[in-house]
Structure formats: structure tokens, C-alpha cells
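The values are calculated or read from the model by the stated rules, or taken from the named source; none is laboratory data. This one's a predicted model, so the numbers in the text were calculated from it and none came from an experiment. When we count neighbours, we look across all protein chains shown, and the Cβ atoms used for this are built from the backbone with ideal geometry, even at glycine.
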Amino acid sequence: MTEKSPRSPAPAEQTAANTQGIKIVGFLCNWCSYGGADTAGVCRFKQPTDLRIVRIPCTGRMDPLFIAKSLIYGVDGVLVSGCHPRDCHYAVGNFYARRRMEAFKLFLPFMGIDTQRFRYTWVSASEGQAWQKVVTEFSEQIHRLGPNPGVMRGTGDNSKVSMG
Ligand code: FES
């Protein structure tokens, strides 16, 4: 009986295997982007299934620590989406968010995290198709990058992680 030599998977197989457990977190403003995602769902637009949505009252509520901790504890990508500039239900929440997130992006390389793992965007409640495009593109980008070698991945107990 001949022994089979171990075969390394072809690149396509590697990609499929490596990206199977991809996790993406989407922080969506309740008033616009959450509605946009809902509209996409109601219209039955095909969407990637690896996005976990966290509904937030406004992108102005986004603490950059939410993003940092998600990525440090092993989420593969973070998407933040809110109302278009000048459409924020709290007037200026997304302007504050935009400034914070632009500054935050500069810190990602210092944390050892690829800046491509984070994106923010604006999608309104009526833009189901735009939402589908954003989420599909981002998901494809994260799948190309593969799993996040996140600093704390696989360290076990993340139950004590505080987002506050
Ligand atoms: Fe949507 Fe402020 S209410 S970004």
C-alpha cells in the first residue's frame, strides 16, 4: 500500500478555506444606514452574509475604541455607516464622526492593523442598492485580505472586553 503524500491546497482552495470564518462588524446609524440595509433586505438584494450589524443611534456616538477593540479582538473588518453629511438627525453627529474616524485611521498602522480593514461610508434609508454595493465591495476586500491577524485572536476569554 502506497502512502499518499500530503498535498498543499491550491491557491483557490486556500482562499476559500481561509476566508470561511470571516467576521465583519457593521456599526450602522439607526436613522439612515440601518434603514438602507433593511431596504436592501426587503428588496431582496443579494448581500454577503458575513456582516454582523450593530445598530447605533448616530455615527456621532461612534467611539473609535469600538473599532479598535473589534479589530484587536479578532474581527476581520469594521464598517461604519451613517446618514449623508447634512442629513444627520442630530445635525452634526456625522461631522464629528468623520473627523474622529479620519484621525483614527492614522493610528491603525501603529496598532499593526491594515487600514483597509476599516471603512466608513454614508448610506440613506432609501439607498438599498447603494448599501448592497458598499457591503459587497467591503466584504470582497476583507476576503481578499484574509483573516485579521488581530493581536488578541484566539486568546480565549473575550467576555470581559468592555466597549466603554
Ligand atoms: Fe445618522 Fe447622525 S443620525 S449619522
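For the structure I just gave you, tell me whether residue 25 is modelled with pLDDT of 95 or more, away from the ligand (no atom under 16 Å from the Cβ) and closer than 12 Å to residue 80 by Cα. Before the answer, list the steps.
Values: modelled with pLDDT of 95 or more: yes; away from the ligand (no atom under 16 Å from the Cβ): yes; closer than 12 Å to residue 80 by Cα: yes.
Against the criterion (modelled with pLDDT of 95 or more, away from the ligand (no atom under 16 Å from the Cβ) and closer than 12 Å to residue 80 by Cα), residue 25 qualifies.
Restricting the search to the stretch 83-107, which residues are of a type in the set (A, V, I, L, M, F, W, C), within 13 Å of the ligand (Cβ to nearest atom) and not in a loop (DSSP other than H, G, I, E, B)?
Within the stretch 83-107, 95, 97, 101 qualify.
Go through (1) buried (at least 16 other Cβ atoms within 10 Å of the Cβ); (2) at pLDDT 95 or above and name the single condition residue 137 misses.
All conditions pass for residue 137, except number (1).
Within the stretch 29-71, how many residues are assigned to a loop (DSSP other than H, G, I, E, B) and not aromatic (Phe, Trp, Tyr)?
Taking the stretch 29-71 first, the residues assigned to a loop (DSSP other than H, G, I, E, B) are 30-32, 43-50, 57-58, 62-63.
Next, from what is left, pick out any that are not aromatic (Phe, Trp, Tyr): 30, 32, 43-44, 46-50, 57-58, 62-63.
Summing the residues that are assigned to a loop (DSSP other than H, G, I, E, B) and not aromatic (Phe, Trp, Tyr) in the stretch 29-71 gives 13.
Tell me which residues, restricted to the stretch 117-133, are hydroxyl-bearing (Ser, Thr, Tyr) and in contact with a strand residue (DSSP E or B) (Cβ under 8 Å, 6 or more places away or on another chain). Give the derivation first.
So the first thing to find is which residues in the stretch 117-133 are hydroxyl-bearing (Ser, Thr, Tyr), and the list is 120-121, 124, 126.
Answer for the stretch 117-133, where residues must be hydroxyl-bearing (Ser, Thr, Tyr) and in contact with a strand residue (DSSP E or B) (Cβ under 8 Å, 6 or more places away or on another chain): 120, 121.
If a residue has to be assigned to a loop (DSSP other than H, G, I, E, B), more than 17 Å from residue 22 (Cα to Cα) and among the β-branched types (Val, Ile, Thr) to count, how many in the stretch 108-142 make the cut? Full working, then the answer.
Here is the first cut: in the stretch 108-142, the ones assigned to a loop (DSSP other than H, G, I, E, B) are 112-114, 123-127.
After this cut, where a residue has to be more than 17 Å from residue 22 (Cα to Cα) as well, the list is 112, 123-127.
Filter once more, so that each one left must be among the β-branched types (Val, Ile, Thr): 123.
Total meeting the criteria: 1.
With the condition kept exactly as written, say whether any residue in the stretch 41-61 is in contact with an Asp or Glu (Cβ under 6 Å, 6 or more places away or on another chain) and either closer than 24 Å to residue 92 by Cβ or away from the ligand (no atom under 14 Å from the Cβ) (or both). Before the answer, list the steps.
Filtering the stretch 41-61 down to residues in contact with an Asp or Glu (Cβ under 6 Å, 6 or more places away or on another chain) leaves none.
Checked the stretch 41-61: no residue is in contact with an Asp or Glu (Cβ under 6 Å, 6 or more places away or on another chain) and either closer than 24 Å to residue 92 by Cβ or away from the ligand (no atom under 14 Å from the Cβ) (or both).
Criterion first (touching a Lys or Arg at 6+ places or on another chain (Cβ under 6 Å), among the small types (Gly, Ala, Ser) and either within 16 Å of the ligand (Cβ to nearest atom) or closer than 16 Å to residue 139 by Cα (or both)) does residue 35 satisfy it? Spell out the reasoning first.
Numbers: touching a Lys or Arg at 6+ places or on another chain (Cβ under 6 Å): no; among the small types (Gly, Ala, Ser): yes; either within 16 Å of the ligand (Cβ to nearest atom) or closer than 16 Å to residue 139 by Cα (or both): yes.
Spelling it out, it is not the case that residue 35 is touching a Lys or Arg at 6+ places or on another chain (Cβ under 6 Å), among the small types (Gly, Ala, Ser) and either within 16 Å of the ligand (Cβ to nearest atom) or closer than 16 Å to residue 139 by Cα (or both).
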